[in-house]
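These notes are about the structure you will find just below.
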Amino acid sequence: MAEKAVLGFLEKEEEIPDSGQFATERGIDHDDIVNVIKSLRGFGFVDAQDIKREKWVLTEEGRTYAAAGSPEVQFFLAIPAEGIPPVELQRNLDPSIFKIGRSQAVKNQWVEMGKQRVSRKVPHVEDRVKDLLIGVQDGEVINPEDVDALKRRKLITPQIWKGYSIRKGANYAPERKKVATDLTRDYLQRGDWKELEFKEYNFSAKGQPVEGGHLHPLLKVRQQLQMIFLQMGFEEMPTNNFAESSFWNFDALFQPQQHPARDSHDTFFLQVPSTTKMLPEDYVERVKSVHESGGYGSRGYGYDWKREDANKNVLRTHTTAVSSRMLYLLAQKPFAPKRYYSIDRVFRNEAVDRTHLAEFHQIEGLVCDRGLTLGDLKGVLSDFFSRLGMSKLRFKPAYNPYTEPSMEIFGYHEGLKKWVEIGNSGMFRPEMLLPMGLPEDVRVIAWGLSLERPTMILYHIDNIRDLFGHKVDLSLIKKNPICRLGIE
Ligand code: PHE
């Protein structure tokens with residue numbers, strides 16, 4: 001209807017000077033006219049010039065007065081002919097109506113504000129403010145002083161009105177024919193295609209965005225790391241158990257039972273099932289005795305090792321729990337060297353801040369062979385990290401209950417132009433390996449790092465909550481670039 005009106009009018013007349021007026025005269029919604037004009041203009045049926053006008057609209061307060069009357073008149077009408085004590089009047093009126101109404105009514109000299117009594121000074125008043133507001137609402141033109149007064153009382157506010165003046169365009173026709181967009185089977189069978197007008201291809205239109213699955217940055221980086229491990233001949237360890245017994249998470253790793261990391265401050269304990277049912281009993285005995293009194297050239301810790309503590313189930317605090325299970329399994333067979341890796345989730349009962357969450361992912365690698373040395377560890381680490389794009393490494397002595405020696409790994413970050421801590425490493429202690437039953441000359445070199453840290457650096461994310469958890473912006477996952485490690 002709007003389209004017909006516009007094209008029909010231009011058939012006889014030069015111009016529609018004002019789309020607003022045009023719409024009102026015909027009882028058509030102005031938005032409909034605007035949409036039609038935009039489309040007709042796109043196809044060259046019409047030329048349109050923008051018109052902008054400032055128009056006044058009522059504020060929320062203005063609308064309430066237009067309906068219920070101005071506060072001053074409400075105030076005036078609440079005063080009976082014989083007057084009223086101020087407190088009583090105040091009780092009868094809404095606080096803001098009382099306050100505003102009083103000051104306006106006094107200004108208009110409609111009322112007398114005595115201490116004991118408020119009384120009318122005039123017999124009757126007219127509500128000009130209400131009338132003006134209704135006028136504005138109906139689009140009437142009101143004089144500038146009145147506009148000013150209403151504006152000062154914040155009863156009206158300016159709004160930019162946008163419309164068009166319209167003339168015939170280069171492709172003007174009194175009617176727009178619907179053009180066909182597809183050559184369908186029906187058109188072909190009926191033969192209508194011969195008469196039909198087809199819509200032209202719009203080669204500059206943007207295509208539909210291709211929607212599909214999107215990998216989270218952590219998964220992209222994980223995939224790259226997996227490739228690196230596989231290229232280096234590592235096998236993946238099965239990490240599909242978030243719940244683990246304290247035994248495999250701590251005891252098998254020669255971590256004493258009083259160690260602070262085993263405290264509930266750092267570790268999540270499971271309530272159901274709270275304890276493990278199955279542990280290899282003969283190995284448990286050897287672990288107990290190495291903790292209590294040592295052996296294999298060690299003095300042990302000299303404390304009373306408790307089976308109940310080892311039985312407690314926890315959410316694994318590191319993937320080294322999986323490494324300990326794998327090494328134990330390896331020790332049950334004739335020895336063969338192995339390279340193992342894993343990348344999976346671990347849990348720590350930590351205060352959450354911009355770089356820490358209570359769960360994160362660990363990357364872990366280990367090499368198990370006869371006669372390995374610290375030099376081998378440094379060699380494997382430099383191979384591994386150079387594939388990540390970090391070829392300058394430094395090591396700092398550190399302490400882990402299960403490795404000796406232990407080294408923190410620092411890498412020089414070329415982008416950030418500084419040394420950043422990138423991981424932890426070491427050689428597993430004999431107190432851990434020998435009770436498992438591994439041959440005496442077998443050494444295991446291992447290292448671990450978080451997956452979040454390199455991901456945040458690569459994707460320039462400085463708050464971990466923007467990377468992981470319920471606050472993550474899903475569009476980040478759709479838009480982030482692919483990950484390629486080690487490519488300069
Ligand atoms: N498990 C250690 C950690 O949680 C990492 C590590 C793995 C250290 C292997 C040494 C050897 O930080």
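Things to note:
- Rh (Kirkwood; distinct C-alpha pairs) - the stretch 1-149, Å: 19.1 Å
- Based on C-alpha pairs under 8 angstrom that are at least 6 apart in sequence, the stretch 72-126 has a relative contact order of 46 percent.
- Hits among lysines - C-alpha to C-alpha of Lys107 under 21 Å, sequence gap 8 or more where chains match: Lys99, Lys115, Lys121, Lys130, Lys151, Lys154
- Taking all protein chains into account, the per residue accessible area for the chain stands at 58 Å² (1.4 Å probe).
- Alpha carbon centroid spacing (whole Å) that separates the stretch 427-471 from the stretch 34-92: 66 Å
- Net +/- balance of residues flanking Leu449 in space, Cβ distance below 11 Å, scoring K and R +1, D and E -1: -3
- Computed over every Cα-Cα pair of the stretch 218-479 and binned at 5 Å starting from 0, the pair-distance distribution P(r) comes out as 1, 6, 12, 17, 19, 17, 13, 8, 5, 2, 0, 0 percent.
- Neighbours of Thr403, meaning other residues whose beta-carbon lies under 12 angstrom from its beta-carbon, give a summed charge of -1 when Lys and Arg score +1 and Asp and Glu score -1.
- Label-to-label distance, nm, for residues given as Gln208 and Tyr303 (7 Å Cα→Cβ offset): 6.4 nm
- Note on the chain: with neighbouring protein chains present and a 1.4 Å probe, carbon and sulfur make up 51 percent of its accessible heavy-atom surface.
- Distance (nanometres) between label positions extended 7 Å along Cα→Cβ at Lys478 and Asn241: 4.1 nm
- Working note: 222 nm ellipticity from helices only, DSSP H runs with n ≥ 4, each -39,500 (n - 2.57), summed and divided by the residues of the chain, gives -10500 deg cm²/dmol to the nearest 500.
- Estimated FRET transfer efficiency (His470, Glu197; beta-carbon r; R0 45 Å; 0.05): 0.30
- Bridgeable lysines around Lys312 (alpha carbons under 18 Å apart, same-chain partners fewer than 8 residues away excluded): Lys277, Lys288.
- Pairwise centroid distance, computed over Cα atoms, of the stretch 308-337 with the stretch 98-130, Å: 88 Å
- For the chain, the Rg and Dmax computed from alpha carbons only, in angstrom: 40.5, 114
- Potential extension, Lys151-Lys115 segment - 0.36 nm per residue separation minus Cα distance: 9.7 nm
- Net length available on complete extension from Glu15 to His265 is 82.1 nm, with 0.36 nm assigned per residue and the Cα-Cα distance removed.
- Rounded to 5, percent antiparallel among DSSP beta bridges of the chain: 95 percent
- A straight Cα-to-Cα reach below 19 Å connects Lys418 with the lysines Lys392, Lys396, residues fewer than 8 places away in its own chain not being considered.
- Its alpha carbons give the stretch 72-126 an Rg and a Dmax of 9.7, 26 Å.
- Gap separating the Cα centres of the stretch 252-280 and the stretch 359-411, nearest whole Å: 26 Å
- A cut-off under 9 angstrom between Cβ atoms defines the neighbours of Leu10, and their net charge, with Lys, Arg +1 and Asp, Glu -1, is -1.
- Scattering curve values for the stretch 335-488, log₁₀ I(q)/I(0), Debye with Cα scatterers, q = 0.14, 0.15, 0.17, 0.19 Å⁻¹: -0.79, -0.89, -1.08, -1.25
- Highest mean packing first, where packing is the average number of other Cβ atoms within 10 Å per residue, the peptides 246-254, 190-198 line up as 246-254, 190-198.
- Two-site label geometry, Phe395 and Asp31: point separation in nm, points 7 Å out along Cα→Cβ: 7.0 nm
- Potential lengthening of the chain between Glu285 and Asp182 amounts to 29.2 nm, from the contour at 0.36 nm per residue minus the alpha-carbon distance.
The values are calculated or read from the model by the stated rules, or taken from the named source; none is laboratory data. Bear in mind that the values here come from a model prediction, so they are computed numbers and not experimental data. Virtual Cβ from ideal backbone geometry, glycine too; neighbours counted across all protein chains shown. To get the accessible areas, we keep the full protein, side chains included, count just its heavy atoms, and leave off ligands, DNA and RNA. Shrake-Rupley method; radii C 1.70, N 1.55, O 1.52, S 1.80 Å.
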